[in-house]
Structures are given as C-alpha cells and as structure tokens.
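The values are calculated or read from the model by the stated rules, or taken from the named source; none is laboratory data. As the structure is a computational prediction, the values presented were derived from the model and not from experiment. Cβ coordinates were reconstructed from backbone atoms using ideal geometry, including for glycine residues, and neighbour counts include every protein chain displayed.
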Amino acid sequence: MHANIIAGGTKQTRELYIRSLLSPQIDLLHLYAESASLTLKQVHGLISSLGVIARFPRLIWIEEANLLTPPSQNALLKLLEEPPQNTTIYLTCRSARALLPTIASRCQTIALPTNDLRSTIYALRSLKEIMSLSVGDRLAGISKMDRATALIWFTTLEAALCDKLHARSLSPSQLTTLGKIAHLALAGHEKLLSNCSVSLVRESFLLHLPHAV
C-alpha cells in the first residue's frame, strides 16, 4: 500500500522504522511540526513540492501526524488516495485513533510494540530462552526478519536491559553478563543503521551471546 500509518512503540522506534527504509536511492520528504501543530500551510507546501520531478523514488514522512490540524488532515486526503508515481507515504504517531477516520481508512496501519512492562518481560524472556540454546540451535532457529523489525527488536531489548541493569538485586556476575549483552545489542543496532546485512548482524549477536545470566 502506498499510504501507511506507523503507530505504537515510542517516538524513537517509530523514527528507527522510517530510517531503516531510507537509502541514497530514496528521496525523503520530511514533514514535522515547527510549532504546536502541523499546519495547513505546511501540507500545501508538501503537496506543491511533489510537482518537481524526482530522481529517485520518494518517501514522504509525516512525523507525529497526530499534530496535524483537522484542515491539514482533510488536505491530505487526495494525496493519500492518489499519491504520485513512485511515492510512498508514512504517517508516524502514537495511535492511529488520533487521526481522522477518513485518514486511517486510506492507510495501512503497522503497529509497533509498546515499550511497556509486558514488552520488557517478553524481550527478557525471549533472550533467556535463546541463551539456553547451543550456538547451533540458536542459528538453526533464526527466523527471517526485515531491517525495520530487527531494529525494533534490538531497541526493545536495549530498553529491557536498561531497566534490568538498574535493579538493585543483581549480583556482580549478573551485572557483568547483562552489560555484555547490552553492548552486543547496541553494536547490532548501530550496524543495522549502517545498512549492514540484517542476517549477518543477527547471527553475530547470537554467536556472541553468553550462555547464562
């Protein structure tokens, strides 16, 4: 679909999702609030800029789309229905319900995991299960994952590890192990942002992951 809403997660994970889609062969048009809201004037300016012929496929990113005023959202309807050729539109926001129903109905909604207690517990439980496996079983069980999903997984894991590292009940050995895992997760995150192979980044993380916490 040419129009998408990226909802949920945090502002950081929503941005990471968009950044993972970019490359030197993508023309990015980024619309964001310069004051308290995204104005009708800004939307009209965006639409006018689409009249210029682009060298590469275009990606329109409307950041924190919930800040669009109702007139601004109405002005977007035609663009969402009939975007120019080779143009994909992404609206990022905390919840698709913050947008007019007429906007949401014209977009595909992609829900990111929220950074709450449930996702933190899930990330740590998933990590513990992986660590209990042999290296061979870790690699054999690896599932296919696109760059955006991998970035979200690493970001969620980093947040969970950060919370865990602040727990006072950890022993020195647990702190050391969790610190190593956090370092591995951060390194994997940075490699993904540098456009390294998703499969190689994940394999490297699994190979170097300790066997116990």
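Among the residues of segment 82-115, those identified as closer than 29 Å to Thr156 by Cβ, out of contact with any strand residue (DSSP E or B) (no Cβ under 8 Å at 6 or more places or on another chain) and outside any loop (DSSP other than H, G, I, E, B) are Arg97, Ala98. Please verify whether segment 23-43 includes one or more residues that are outside the structural domain of Ser197 (by TED's automatic domain parsing), loosely packed, with under 15 Cβ neighbours inside 10 Å and part of a strand (DSSP E or B). Yes, that holds for at least one residue.
Report yes if Ala7 is within 21 Å of Arg97 (Cβ to Cβ) and part of a loop (DSSP other than H, G, I, E, B), otherwise no. No. In segment 160-213, of all residues being outside any loop (DSSP other than H, G, I, E, B) and among the polar types (S, T, N, Q), the one that is farthest from the chain's Cα centre (by Cα) corresponds to Ser173. Among residues of segment 115-131 being of a type in the set (S, T, N, Q) and at pLDDT below 65, the one that is farthest from the chain's Cα centre (by Cα) is Thr120.
Residue pairs whose Cβ atoms lie under 7 Å apart, separated by 6 or more positions or on different chains, with the first residue in segment 43-70 and more than 15 Å from Ala3 (Cα to Cα) and the second of a type in the set (Lys, Arg), are Asn66/Arg94.
Residue by residue through segment 123-154, note down the ones that are touching a Leu at 6+ places or on another chain (Cβ under 9 Å), closer than 18 Å to Leu112 by Cα and loosely packed, with under 15 Cβ neighbours inside 10 Å. Result: Ser126, single match. Could you list all residues from segment 138-147 that are touching a Lys or Arg at 6+ places or on another chain (Cβ under 9 Å) and farther than 16 Å from Leu207 by Cα? Across segment 138-147, the qualifying residue is only Met145. Of the residues making up segment 24-41, those that are touching a helix residue (DSSP H, G or I) at 6+ places or on another chain (Cβ under 7 Å) and of a type outside the set (Gly, Ala, Ser) number 5.
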